[in-house]
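One structure below.
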Amino acid sequence: MSEPVIIGHYRILEKIGSGAMGEVFRAHDERLGRDVALKLIRASSSTNPDHIRRFELEARAAAALNHPNIVSVYDVGSEQGTPYLVCELLEGDTLRELLTTGQLPVRKAVDYTLQMVEGLTAAHDHRIVHRDLKPENLFVTTDGRVKILDFGVAKLQSDADSQRPLEELTTVTRSGTVIGTVAYMAPEQLRGKPVDHRSDIFSVGAIFYEMLTGHRAFRGETEVDTMTSVLKEEPPEKNFVDCDVPLPCRQIVQHCVEKDQEKRFQSARDLAFALETLAEAPARKRTEPPPVKTRILPWAIAGLCLLGATILFFMRTPAKPPAYRRLTYEQGTVYAARFGQDAKSIVYSAAWNGGPIQLFTMLGDSLSIQPLALTDAKLLAVSRTGELAVTLHGKHIPHLQVEGGMLAHAPLAGGSPREVLEDVPAADWDANGELAAVHHMRDHDRIEYPIGHVLYERNGWISHMRLSPKGDQIAFIGHPTTWDDRGSVMVVNLAGQATTLTQEWESADGLAWSPDSKEIWFSATPKGLSRDIMAVTTRGKLRQILDLPAGITLQDISADGQVLVSVDIERIAMAATGRDGKMQDLSWHDWSLAKDISPDGESVLFEDSSEAGGANYSLVIRKLDGTPPVKLADGSAGTLSPDGKWAISIVPGSPGQVKLIPIGPGQPRSISVQSLDHIDNGNAHFLADGKRIMLNGSEPGHAVRSYIVDLDSGKATPITPEGIEGRLISPDGRHVVRADAAGVLSLYSIPDGAAREIPGLAAGFFPVRWSDDNSSVYGYWQGQVPTAVYKVNVTTGQTNLIQMLQPDAKTGVACIRPVVVNHDGSRVAYSYYQVFSTLYLVSGLN
C-alpha cells in the first residue's frame, strides 16, 4: 500500500477535478479533522510567473470575501515550491453538469441567478470583479446553494486602472493573450479594454439565458465566430419563444447583455432587485391566458424592469398598480427627502460617491439634480414658503439619532443658515412658519412646540416628528433605547397628551401624515430590516399599504398623494487589524457589533444583531484568520475576562441577571444581582482581577449609576452618585472615566468622589479601554470617517495616534462604531455602518 501524500498538514485522499492551472483534490485536514478541497498548481504552471500571479490573486481575492454564495478559502501555502489553496469541500454538481439535460425551470433559474448575483454583490463591494463567470465556475450544492468558484482571473479594482496600459491589467497576460471564456465574456473584455463590475453583469445575463433556454446566448463554429457573436449579435429570440420564457426574464437578460456598459444594469444590487421581483411573480403558462385581474401583475413587473427593476412589486394585486419613478442613480446614502412647496419639486440630503452629506434639489419632471450651497447639513423639513429646516455639524447617521446637531433654517432660494437651537435631531414647520422640534437632553428627548415650550418628553429618543396638516397633533416614533431603531408610532396633542398607536416594531423608520390628517403612514417591520409601509389612524386602526421584501423608508407624502420612498440596503460590517497591520474583513451576516479583542489578540468577540442572530441577539467569537465564527450564546455581549475564558452577557428581559459565558468548554454561570432591577446591556466590563465587573444599572426607584459587582456573591456596590454613569473603570479599580452632557471626559475617583477633567481633550472622545498601567485610555472621536484611534494620557491629556481606520468600501459608509482595542493597543477591531439608498417617487398608493 502506497504512502499517503501529505501537503502541509493536509492528507490527499483523491483527485476530484482539474482546471487550467491546477488540479483539485479531496484532502483531510489533520489539525482540524475535516475534509477540504485542496487546489494544487500544475508543475507546468509553477514556473510561469503569470500563472503564479493569478493563483496568488485567486487566494487573496477569495479570502477577502465572506459570503454564503462564494466558496470559502481556509488556507494558502507552498509545498516544495508548489503553491496550494485550501477551500471548503462542496457536495453537488457544477451548473454545467446540471445544464447537460437542457433548460432549467424558470423559478430555479431565477433562484440560481439571484444567488449568484448576491455573491457578486459581496465581491463587487470589495472592488473584486470575477471576469470568468461561466457554468463551470458555478457550483450547486445538494441543498440548492449556489457557490461561485475560481477567482483565478479576478481583478482588484482601483481608481487608477483606467490610466494603466493594457499589459498591466489582468484582463490580458504578459504576452497579451486574453483570458477568460469567450462565450461569457463582455465585449469590452474581448477587446482588451478596461473592465469593471458591469462586465460580470454581462456574464450573468449570458448564463441566465442558458439556464432559461438550454442554449448558449452566443455561439459560433469557432472561437473567432463566438467572439464575433458576442461583439455584434443578440441572443436568439427564437429560443425564448420556444421555451416559453416570461417577458420579464427576457428583459432582464437583454438589459444584462447590452454591448454598451452604460446601458446595462449599473450594479449587482440593481440586478438583484430585478431578480427578487421575478422570484415573487406568479408563474403562468402561455397556453392558458389568465383572467384580467392576474394579467396586470406581470405587465407591471415588466414596467419596473424597464425602469431599472430596483423596486420589488408588492404582494397584493390592486385594480391599478402603483407607478414607480427612480430619482437617484449615484452610489451612496439618502438621509432625508421632502417635497418642496408643491409636488413638482423635491429636496433631499445625501452623501454620494464617498463625499460628504449635502443638500440637493430636483425640479419638475427633470432628473437633473442641483446641489445647494448647504453642506454638512441634514434636511429636516420644508415650509410652505420655501424655508428649509436643517441640522448642521451633527453626527448624521441614517436611520439613527443625530448627535449634537444645530437646528438652523435657510431659504431654499439661497442664503446663509440662521442657527436656532442645539441638539435637535428632528423638526417640522406648521402652516404659519412656526417650528416644532425634538430637543435632545442628556438622558431623554422632548418635543418643544413652539421652541421653548415643552409639550412632551420621554426616555430613549424621538424620531420622525411631523405636524399634522391640520396642525392639531404631532406624530412621531418613540424609541425606548438610544441607538436602536426599535419603536412605536405615537401622537401627542397640543395639550401634551400622548397616545401610543401601534405595537413596538423591531425597525421603525420614516413617517408622514396623509393629506387629510386621518392617517399616519410609516415604514416598519416586526422582524429584520425589510420595512413595509403601514398606515394607522389616530384611533389605532392599522392597515398595510405596501409589502415589499426590501428595506423601504417612507420619506414624505405630497398634498396630492404622491409618496417619496428610499430603498435602503443596510448592514453593519466588521474588520480588524492583523499582526501585519493590514485590515481583515470579519463581517458575519449583516449586523456585527465588535465588543472586545481576546488577550492574545487572535479573536474578536462581537454581537450578532442581525435577523439570523435571533430575537435576543447572539454572542459570537471569531478568529482574525477569517475562520468561521462560533456562536457562544444568546444575549448582548459585554467584554472578555482578563484571561480570555469568559464573556459577559446581558439577556434582555431578565432584570438583575448577568451571565458569564465560557469561551471554550464549560457551562454558563448565572449571576443574580438582586438589588438591581435594570442593567444597561451595552456597558459591562471586567476588572483586572477577573472576579468583579463594572456595569451601569439602577435600583428600584433610583436613577442609573455605576456599580461594581462581585461575581461570587452577586453583591452590587455603587461607585458613582445617582445620575452619573461611568464608561470605563481603571484596572486598579480606583477611577472611572465618564462623560458629561456636553461629551467632555472626566475622571471620577472612587475612593473620594472627586472628579477632574482630562486636560486639553476635545468633547466627544469615546474611551474604549484603559492601558494596563492605569495611565492612559484608548479611544476615538465618533462620527469621523476615516476614524483615528488614539492613546490619551489621563493626567496630561497628551494624545498619540495608534491606528487609522478606513473600510475598504468607502462608498455608503455612514459611521465607524463601535471600536475596540486589545490590552496593549497593538490590535484594533471595529464595526462600520454602511447604507446604500435609491430614492423613488411612487404614485397610486392608497
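The values are calculated or read from the model by the stated rules, or taken from the named source; none is laboratory data. Note that the structure is a prediction, hence the values are computed from the model and not measured. Using ideal geometry, Cβ is built from the backbone for each residue, glycine included, and neighbour counts are taken over all protein chains shown. When the accessible area is computed, the model is the full protein with side chains, heavy atoms only, and any ligands, DNA or RNA have been set aside. Shrake-Rupley method; radii C 1.70, N 1.55, O 1.52, S 1.80 Å.
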Scanning region 15-67 for residues that are at pLDDT 85 or above and open to solvent by less than 30 Å² (accessible area, probe 1.4 Å), the one farthest from Ala573 (Cα to Cα) turns out to be Ala27
Result of the Cβ filter at 8 Å on region 621-642, keeping first residues that are free of Cβ contacts under 8 Å to residues at least 24 places away in the same chain and partners that are open to solvent by 10 Å² or more (accessible area, probe 1.4 Å) and β-branched (Val, Ile, Thr), at least 6 apart or interchain, is Val630/Ile621; Asp634/Val651
Subset of region 480-499, residues touching a Gly at 6+ places or on another chain (Cβ under 7 Å) and either of a type in the set (Val, Ile, Thr) or in a strand (DSSP E or B) (or both), comes to Thr481, Thr482, Gly487, Ser488, Met490
When Ile572 is run through (1) in a strand (DSSP E or B); (2) open to solvent by less than 10 Å² (accessible area, probe 1.4 Å); (3) under 30 Å from Gly644 (Cα atoms), the failure sits at (2)
When region 816-831 is checked residue by residue, the ones that are within 26 Å of Gly394 (Cα to Cα) and open to solvent by 10 Å² or more (accessible area, probe 1.4 Å) are Arg817, Pro818, Val820
Among residues of region 125-136 being open to solvent by 20 Å² or more (accessible area, probe 1.4 Å) and assigned to a helix (DSSP H, G or I), the residue modelled with the highest pLDDT is Glu136
Within region 526-535, of all residues that are free of Cβ contacts under 8 Å to residues at least 40 places away in the same chain and open to solvent by less than 10 Å² (accessible area, probe 1.4 Å), the one nearest to Phe476 (Cα to Cα) is Ala535
Note: among Trp505, Trp483, Trp513, Trp461, just one is at pLDDT 95 or above and among the aromatic types (Phe, Trp, Tyr), namely Trp513
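Each row is one residue, and each column tells you yes or no for (1) closer than 23 Å to Asp270 by Cβ; (2) at pLDDT 90 or above; (3) open to solvent by 10 Å² or more (accessible area, probe 1.4 Å); (4) part of a helix (DSSP H, G or I).
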position	(1), (2), (3), (4)
Pro83	no, no, yes, no
Arg96	no, yes, yes, yes
Gln103	no, yes, yes, no
Thr113	yes, yes, no, yes
Ala123	yes, no, no, yes
- Task: May I ask you to verify whether Ala647 is closer than 16 Å to Val709 by Cβ and not in a loop (DSSP other than H, G, I, E, B)?
- Result: yes
Looking across region 724-774 at residues that are within 32 Å of the chain's Cα centre (by Cα), open to solvent by 40 Å² or more (accessible area, probe 1.4 Å) and not charged (D, E, K, R), the single one that is modelled with the highest pLDDT is Phe766
Scan region 497-509 and tell me whether some residue there is farther than 21 Å from Val454 by Cβ, open to solvent by less than 10 Å² (accessible area, probe 1.4 Å) and of a type in the set (Ser, Thr, Tyr). yes
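Among the residues that make up region 396-404, is at least one of them of a type outside the set (Asp, Glu) and surrounded by fewer than 19 Cβ atoms within 10 Å (Cβ to Cβ)?
So far as region 396-404 goes, no, none of its residues is of a type outside the set (Asp, Glu) and surrounded by fewer than 19 Cβ atoms within 10 Å (Cβ to Cβ).
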Scanning region 688-720 for residues that are in a loop (DSSP other than H, G, I, E, B), open to solvent by 50 Å² or more (accessible area, probe 1.4 Å) and within 22 Å of Trp770 (Cα to Cα) gives Ala688, Asp689, Lys691
Practice item. For Arg543, state whether it is under 29 Å from Val819 (Cβ atoms), among the charged types (D, E, K, R) and part of a strand (DSSP E or B). Key: no
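Please tell me if Gly601 is more than 30 Å from Ser468 (Cβ to Cβ), open to solvent by less than 50 Å² (accessible area, probe 1.4 Å) and touching a helix residue (DSSP H, G or I) at 6+ places or on another chain (Cβ under 9 Å).
no
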Val140 fails exactly one of (1) within 27 Å of the chain's Cα centre (by Cα); (2) under 29 Å from Ser18 (Cβ atoms); (3) at pLDDT below 95, namely (3)
Within region 234-270, of all residues that are open to solvent by less than 50 Å² (accessible area, probe 1.4 Å) and touching a His at 6+ places or on another chain (Cβ under 8 Å), the one nearest to Glu118 (Cα to Cα) is Ala268
Of the residues in region 332-378 that are hydroxyl-bearing (Ser, Thr, Tyr) and not in a loop (DSSP other than H, G, I, E, B), the one that is modelled with the lowest pLDDT is Thr375
Query raised in the report: Does Val424 satisfy the criteria of being farther than 29 Å from Gln784 by Cβ and not small (Gly, Ala, Ser)?
Result: no
Pairs returned, first residue in region 456-474 that is over 12 Å from Val489 (Cα atoms) and of a type in the set (Asp, Glu), second residue that is part of a strand (DSSP E or B) and open to solvent by 10 Å² or more (accessible area, probe 1.4 Å), beta-carbon separation under 7 angstrom, 6 or more apart or interchain, are Glu457/His444; Glu457/Arg446; Asp472/Asn493
In region 578-592, anything more than 20 Å from Phe836 (Cβ to Cβ) and buried (at least 22 other Cβ atoms within 10 Å of the Cβ) is listed as Leu586
Checking His453, His440 in turn, the sole residue that is within 30 Å of Ser609 (Cα to Cα) and either open to solvent by 60 Å² or more (accessible area, probe 1.4 Å) or not polar (S, T, N, Q) (or both) turns out to be His440
Of the residues in region 666-687, those that are more than 19 Å from Val737 (Cβ to Cβ) and either of a type in the set (S, T, N, Q) or in a strand (DSSP E or B) (or both) number 10
Just one listed residue, out of Ile451, Ile447, Ile477, is in a loop (DSSP other than H, G, I, E, B) and among the hydrophobic types (A, V, I, L, M, F, W, C), and it is Ile451
Screening Ile447, Ile520, Ile477 for residues that are under 30 Å from Ala612 (Cβ atoms), among the β-branched types (Val, Ile, Thr) and either open to solvent by less than 10 Å² (accessible area, probe 1.4 Å) or touching a helix residue (DSSP H, G or I) at 6+ places or on another chain (Cβ under 8 Å) (or both) leaves only Ile477
Those residues of region 409-456 which are within 17 Å of Ala337 (Cα to Cα) and within 34 Å of the chain's Cα centre (by Cα) amount to His409, Ala410, Leu412, Pro425, Ala426, Ala427, Asp428, Trp429
By residue number, the members of region 422-432 that are assigned to a loop (DSSP other than H, G, I, E, B) and touching a strand residue (DSSP E or B) at 6+ places or on another chain (Cβ under 7 Å) are Asp423, Val424, Pro425, Asp430
